[in-house]
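The next block holds one structure in the form of C-alpha cells; read it before the comments.
Throughout, read-outs are computed from the coordinates displayed, never taken from laboratory work. Fair warning: this is a prediction, and the values are worked out from it, not measured in the lab. So basically every Cβ, Gly included, is an ideal-geometry build from the backbone, and we count neighbours across all protein chains shown.
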Amino acid sequence: MDHFNYHKGWLAAEDVSIKTLAEEIGTPFYCYSTATLVRHYRVFAEGFKEIPTQICYALKANSNIAVIKTLANEGAGADCVSEGEVMRALKAGVDPKKIVFSGVGKSRGEMAFALKKKIGQFNVESREELKMLSEVAASLSVTANIAIRVNPDVDAHTNDKITTGRKTDKFGIGWEEVKETYADAKRYGSLNVVGVSTHIGSQITDLAPFEAAFKRVVGLVEELRTEGYAIKRLDLGGGLGIPYHHTKIPPSPADYARLITTLVKPLQVELIVEPGRVLCGNAGILVSRVILVKRTPHRTFAVIDAGMNDLIRPTLYSAHHDIVPVEEVLNKKVFEKMDVVGPVCETGDVFARDRELPQLKEGDLIAFRSAGAYGAVMAGTYNTRLLVPEVMVNGEKHAVIRARESYKQLLAHDKVPGWLS
Ligand code: LLP
C-alpha cells in the first residue's frame, strides 16, 4: 500500500533511510513518498475510466506545493476552500479550468480573486452566497460557472466533527430549498449553472452512506433536467476513508468507483470527485525522537519531541495512528504498554494510550504512519514551537519541501507597539 518499509534494519521511505533524514533535518518532520502518492492517484483514477472524470485533489488534506505538483503532473485538478489554496494550486501549475472552489464562507474578495483567475467552478453553499457571487461576477463583467452544493441529509457515520451531509450541518443547501436555489441562479445575472455538487464527510469507511447520498443527487439531476436545467457536471466530493488501523478496512477505491460509475454513467455527465485523504494519507509519516521515558508508579510515558501542534488528529478526533519504531524490531525486543505523549503543556497532548510498543529509550526514533493527510497542514506553533518541516522522497532522492522555520523568523511576526518601547 505504501513505500515505507524496513531496509537493512531501519525504516526507509522508498530508498532513503529515515534515520539518515532525521540526522540531516532534525526531528520532528513529515516525510512523503512520491511513489506512494503517484500509485494512489493512479489506482484511484483507474476506477473512473468508464466515465469522463476530473479528479480535483482536495488541497486541504496536504497543500504543500510539491505534493500538489506531484498530483497535478498526473492530471489532478484542485478542490480549494480559500484564496490561499487557489494560489497554491496555481503556483503548483494546476490548470485554472480544473479548479473548483468549495466552502461555506467565501468572501467577496476571495470570489473576485478566483473569478479573475478564471477557475472552472464555484460550488455554492447557500442562497446568500449565490447572490453575492452573482454581484461580484457582475462587477467584474464576467460569468461564474457554478454548481449548487446540496446537502442530502445523509449521516456518513464518521467522526461527528467531519460529518457534513446532515441537514443540521452548516454545509450545502438543504433539500427543501434546492429547487428555489436553482430558480434563483437562473434569475440572477452573471452565473452559468453547470452542475450539482455534494460532499457528505470524511474518513468514511462504508459505502452505504455514499450510495444513499449519491442516489438522491442522481435523482435531483434527472429532475432538474426535466425542468430545463442543462446539468452537465456532477461533483460528488471526497471522503473515502483509509485504513488507519487493521481492524477497520474501508472500501477500496475500486469499489467506491464502481458504485459511482453504476449510478452516474446513465446520466452522461462530466464527473468531478474531490479525494484528499485517500491520495495522500498513507503517503506520509511523521518522524519524532523520544526525549525521555518517564516511569511513574502509575504509568509509563514516552515523551517525544512531536506535539499536538504537529499532529493534532489524535487529540482532536481521538484518531488512531499506528506508531512504529524507526529501528526494526528484532526478535528479542521487550514490548511494554505506554502512553505516547508530546511536550506541549496540555493533558490532551497524547498520541496514544496504553499502546504496546517495543521498549523505548532516550534518542530512539519513532514514526507515525498514515500522517500524510491532515497532518502538516493542521500544524501550528502553539507553545512557541517551530512549524514542523516536510521532506519529500523520490526513489533515492530527497528534498526538504518546507524548511523548519527558525526562532528568529517565528518571533519576528510579533511587533511591539511604540508605546511599549
Ligand atoms: N471536498 C470537500 C468539500 C471537503 O470538505 C473535503 C474534506 C474533501 C473534499 C476531502 O475529503 P477527504 O477525501 O480528504 O476525506 N481534518 C479532518 C478531515 C477534514 C475533512 C474536511 N473536508 C481529519 O483530520 O480527519
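Restricting to Cα pairs below 8 Å that are 6+ residues apart, what does the relative contact order work out to for the chain? Please round to a whole percent. Reported relative contact order: 20 percent. So in segment 103-273, what percent of DSSP beta bridges are antiparallel if you round to the nearest 5? Here the share of antiparallel DSSP bridges comes out near 5 percent. Applying 1/(1 + (r/R0)^6) with r as the Cβ-Cβ distance of ILE162 and THR296 and R0 = 56 angstrom yields a FRET efficiency of 0.95.
Starting from the coordinates of the alpha-carbon atoms of segment 284-421, obtain the Kirkwood hydrodynamic radius over all distinct pairs and give the value in Å to one decimal. Averaging 1/r across every pair of different Cα atoms and inverting gives 16.5 Å.
Between HIS157, HIS398, HIS246, the residue with the greatest mean-square fluctuation in the GNM of the chain (Cα pairs under 10 Å linked by springs) is HIS246. Rounded to 0.05, the FRET efficiency of the GLU211 and LEU420 pair, given R0 = 51 Å and the Cβ-Cβ distance, is 0.25. Taking label positions 7 Å along the Cα-Cβ direction at both GLU346 and ASN5, the computed distance is 3.8 nm, reported to one decimal. For segment 305-344 versus segment 1-78, the spacing of their alpha-carbon centroids is 21 Å.
Across every pair of non-identical alpha carbons in segment 103-273, the mean reciprocal distance, once inverted, gives a Kirkwood radius of 16.6 Å. Here, P(r) means the percent of Cα pairs in each 10 Å bin from 0 to the largest distance; for the chain it is 4, 21, 29, 23, 15, 6, 1, 0. The magnitude of the dipole of segment 103-273, with charges of +1 and -1 set on the Cβ of Lys/Arg and Asp/Glu and taken from the Cα centre, is near 500 debye. Output ³J(HN,Hα) for segment 185-197: one whole-Hz value per residue in order, computed from phi by the Karplus curve 6.51 cos²θ - 1.76 cosθ + 1.60 with θ = phi - 60°, and x for Gly and Pro. These are the phi-based 3J(HN,Hα) values: 4, 6, 6, 5, x, 6, 10, 10, 7, 10, x, 10, 9 Hz. When the chain is treated as a GNM with alpha-carbon contacts under 10 Å, the residue of VAL67, VAL81, VAL218 showing the greatest mean-square fluctuation is VAL218. Cα convex hull, segment 178-321: 167 Å³ per residue, rounded to a whole number. Step through the table entries LYS19/LYS161; LYS294/LYS333; LYS8/LYS91; LYS69/LYS97, compare each Cα-Cα distance with 27 Å, and write down the pairs that go over it. Violating the 27 Å Cα-Cα cut-off are LYS19/LYS161; LYS8/LYS91.
Any chance you could tell me what percent of the C-alpha pair distances in segment 132-195 go past 15 Å?
Roughly 57 percent, once rounded to a whole number.
Of all DSSP beta bridges confined to the chain, the antiparallel ones make up roughly 50%. Measuring between their Cα centroids, segment 99-169 and segment 170-219 lie 11 Å from each other.
Placing +1 on each Lys and Arg Cβ and -1 on each Asp and Glu Cβ, with no other charges, gives the chain a dipole about its Cα centre of roughly 460 debye.
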